[in-house]
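Here the structure is laid out as structure tokens; the discussion comes afterwards.
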Amino acid sequence: MKKTNSDQYINADVMNRISGSATDFLVAFGIASISLSAVASYIVPFALLLLFGLLFAWFVFRVLSGKFFGPIWFERGIFTWGWITGTTAMGIALLRIADPESKSKTLDDYALAYIPIAPVEILLITFAPLMIATSQHWLFVLITIGASIAIYLFAMLRGWVKNEKKSSSQSRSIEANSK
């Protein structure tokens, strides 16, 4: 839009209102499409998944968000809560409540961060059901954990993972030297 100089014709407030309304409709239609008979048939597995999902989402929101997201941890954490517990649309709906003017730029950062996540998510969505249905769940778990460890080690070697002890001691020494 900026390259074609057409951004001057677009009102950001109107676009935010339209996208907010579209997100609300998406969430409402998603809830309306749930089959109550299917839920009743599998109430025990759903209850277990609900319990685990809520505990996991709470852990990510209360523990990890503060460590990873810094001063805007709440906005990014509430978006992550919605994303973990439902869909990206649910995360956007919660984010619009917490940050209606998009001052935190959470969605911009999410869009950039999702680029490398998308292929991994596609692979997981494609192969997880196949491997679990063919009783290769143990292999799926091993591959997933192994790939996660490999990615973490690669990030450490590249210097993308910061050691908190070193970082905090370095910042203390910088503060001491500045005084």
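Computed values, structure above
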| item | result |
| --- | --- |
| Flag for Leu26 being open to solvent by 90 Å² or more (accessible area, probe 1.4 Å), hydrophobic (A, V, I, L, M, F, W, C), more than 14 Å from the chain's Cα centre (by Cα) and under 26 Å from Asn11 (Cβ atoms) | yes |
| Among the candidates Ile92, Ile145, residue that is assigned to a helix (DSSP H, G or I) and touching a residue at least 40 places away in the same chain (Cβ under 8 Å) | Ile92 |
| Meets criteria (surrounded by fewer than 13 Cβ atoms within 10 Å (Cβ to Cβ) and either among the hydrophobic types (A, V, I, L, M, F, W, C) or closer than 22 Å to Thr23 by Cα (or both)) for Pro119 | no |
| Residue match in segment 75-86 (condition: open to solvent by 60 Å² or more (accessible area, probe 1.4 Å), in a helix (DSSP H, G or I), more than 24 Å from Arg17 (Cβ to Cβ) and touching a Ser or Thr at 6+ places or on another chain (Cβ under 7 Å)) | no |
| Residues within segment 145-169 that are more than 19 Å from Phe68 (Cβ to Cβ) and modelled with pLDDT under 90, tallied | 1 |
| Residue in segment 48-67 that is under 26 Å from Ile117 (Cβ atoms), of a type in the set (Lys, Arg) and surrounded by fewer than 16 Cβ atoms within 10 Å (Cβ to Cβ) present | yes |
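Okay, residues lined up against (1) outside any helix (DSSP H, G or I); (2) hydroxyl-bearing (Ser, Thr, Tyr); (3) more than 24 Å from Ile125 (Cα to Cα); (4) at pLDDT 85 or above:
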{"site": "Thr23", "(1), (2), (3), (4)": "no, yes, no, no"}
{"site": "Val27", "(1), (2), (3), (4)": "no, no, no, no"}
{"site": "Leu48", "(1), (2), (3), (4)": "no, no, no, yes"}
{"site": "Gly53", "(1), (2), (3), (4)": "no, no, no, yes"}
{"site": "Ala57", "(1), (2), (3), (4)": "no, no, no, yes"}
{"site": "Val63", "(1), (2), (3), (4)": "no, no, yes, yes"}
{"site": "Trp73", "(1), (2), (3), (4)": "no, no, yes, yes"}
{"site": "Pro100", "(1), (2), (3), (4)": "yes, no, yes, yes"}
{"site": "Ser104", "(1), (2), (3), (4)": "yes, yes, yes, yes"}
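The values are calculated or read from the model by the stated rules, or taken from the named source; none is laboratory data. What you are looking at is a predicted structure, and each value in this text was computed from that prediction instead of being measured. Reconstructed Cβ throughout: ideal geometry from the backbone, glycine too, with neighbour counts over all protein chains shown. Only protein heavy atoms, including side chains, enter the accessible area calculation; ligands, DNA and RNA are left aside. Shrake-Rupley method; radii C 1.70, N 1.55, O 1.52, S 1.80 Å.
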